[in-house]
Amino acid sequence: MSSVLSYVQPTANSPWGTYLSQVDRVIPYLGDLARWAETLKRPKRALIVDVPIEMDDGSIAHFEGYRVQHNLSRGPGKGGVRFHPDVTLEEVMALSAWMTVKTAAVNLPYGGAKGGIRVDPKKLSLKELEKVTRRYTSEIGIIIGPHSDIPAPDVNTNAQIMAWMMDTYSMNVGGTATGVVTGKPLHLGGSLGRVKATGRGVFVTGREAARRLGLDLRGARVAVQGFGNVGSVAAELFAEAGAKIVAVQDHTGTIVNENGLDLAGLVPASRTDGGAVSFKGGDVIDNEAFWEVACDILIPAALEGQITAERAQKTKARLVLEGANGPTVPTADDILAERGVLVVPDVICNAGGVTVSYFEWVQDFSSFFWDEDEINVRLDRIMMNALNNIWDTADKHKITLRTATYAVACERILMARQERGLYP
Ligand code: GLU
């Protein structure tokens, strides 16, 4: 049996290569279910679409779009849509597979999927952005739906884009289908708490991990890479708990202040064109120096492959909270484990977003909406239970939290696979 696919050529540290190595590490803990493990190494379905639009200047532009459904054994596909100039099929495959593991790790009744368009949205006007979104939605309309695959926001996509996706799908099927996407605006079947849910989940799992490590959050120094929806919300919650945000890196550069950056000033500054470095309450340092800043907690909340072996050697953190998907390459993972740095892996750490997406989907179907407290209490409970279960598994087998998360999740996925049986 071979897991080499003809249509991707992953390298050891590329996203799909990273994912394959994470799967290989869990196989010894799967018992008889290991028989089905090859399932995890092959996406069920991958769709590549051409997205042509007429630009504002009258020219025709083409963009490459993808939707990958990695595994649907436990339920409909679930996962975001990313707009980024570097998106590739290989990346979307890995992101879809991480969604399979993530939804199983927190026990949501979903499979894993992901989508993306190879486009720089900053270079599009609002009208062009809408056209790209609508044409892409129409093209992937043959495989998405409230009961088959439910997209959501990811890097560079937001509630407005979800509204256009919902509307396009609805126009094509002839009825308002709010359940086809999550992360929608509140007026259109969106859920309270969804925008902050991923950052909140990073905080909840981080708080619990810190408690178990005996790391007091009051005065703890936190460094955050990526200051979008995930990084900035997590930073605010850690600051509220008494931690100091000593370093922030975004696409404009890195800003530090060992006494703690004032988030009331930094967050609005980071939303301007000047980005985080336009904030005057800290010193701007070289981007590579971010990785050796004196800190207790490191939160990579940007893109994949950021924690390399070299950076893993440098970090001063005791705890790494993976707000991004796939931020740590396998060699770096080993170095962090050897150095005694605890990593709360992406597939549990950033699962707060998809958990509240699930709440949104449930609320849409029942047409009954919950208040924010109810959402946050339920989110906390699901994340804490999942983390505690994973922690016990890690202790039992003396494995990392990442491999333990894969053990818990892959058992659920492959058990469902086995119970359903192969068709025909
Ligand atoms: N894009 C988010 C993630 O990577 C959320 C996906 C969702 O809500 O379906 O988990």
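Where a number appears in this text, it was derived from the coordinates with a stated rule and is not lab data. Note that the structure is predicted; figures quoted are calculated from it, not measured. No Cβ is skipped: glycine too gets one built from the backbone with ideal geometry, and neighbour counts run over all protein chains shown.
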| query | Got a sec? Charge dipole of the range 163-269, +1 on Cβ for Lys and Arg, -1 for Asp and Glu; which of Phe227, Thr182, Gly265 is way out at the positive end? | reply | Thr182
| note | Shape call for the range 185-298, from the Cα gyration tensor axes a ≥ b ≥ c (a/c under 1.5 means rounded, otherwise prolate when a/b beats b/c, else oblate), comes out oblate
| request: With a ≥ b ≥ c taken as the square roots of the eigenvalues of the C-alpha gyration tensor of the range 53-99, please select rounded if a/c is under 1.5 and otherwise prolate if a/b is larger than b/c or oblate if it is not? | output: prolate
| note | Env charge @ Asp57, Cβ radius under 14 Å, K,R +1 / D,E -1, value 0
| In terms of modelled amide H atoms, which long-range or inter-chain residues lie less than 5 Å from the amide H of Ala324? | Ala301, Ala302
| message | With the cut-off at 1.5 for a/c, could you classify the chain from its C-alpha gyration tensor as rounded, prolate or oblate? | response | rounded
| task | Before rounding to the nearest 500, sum -39500 (n - 2.57) across all DSSP H runs of length at least 4 in the chain and divide by the residue total; then give [θ] at 222 nm in deg cm²/dmol. | result | -13500 deg cm²/dmol
| request: Go through the range 106-118 residue by residue and turn each phi into a ³J(HN,Hα) via Karplus (6.51, -1.76, 1.60, θ = phi - 60°); whole Hz please, and just put x for glycine and proline. | output: 9, 6, 8, x, 10, x, x, 8, 6, x, x, 10, 7
| task | Between beta-carbons, use under 10 Å as the cut-off and find the net charge around Ala104, counting Lys and Arg +1, Asp and Glu -1. | result | +2
| field | Relative contact order for the range 217-354, counting Cα pairs under 8 Å that sit 6 or more residues apart, in percent | value | 21
| What is the range 322-393's relative contact order, in percent, from Cα pairs under 8 angstrom and six or more apart in sequence? | 31
| task | Just add up the charged neighbours of Ala301: K/R +1, D/E -1, any other residue whose Cβ is under 11 Å from the Cβ of Ala301. | result | -3
| query | Can you list residues whose amide H is under 5 Å from Val81's amide H, if they're 5+ apart or on another chain and H is modeled 1.01 Å from N? | reply | Gly115, Ala152, Asp154
| note | Relative contact order of the chain (C-alpha contacts under 8 Å, at least 6 apart) in percent is 17
| query | Which ³J(HN,Hα) values, rounded to whole Hz and listed in residue order, are derived for the range 282-295 from phi using the Karplus coefficients 6.51, -1.76 and 1.60 in 6.51 cos²θ - 1.76 cosθ + 1.60 with θ = phi - 60°, glycine and proline given as x? | reply | x, 9, 8, 10, 4, 4, 5, 5, 3, 6, 10, 4, 5, 8
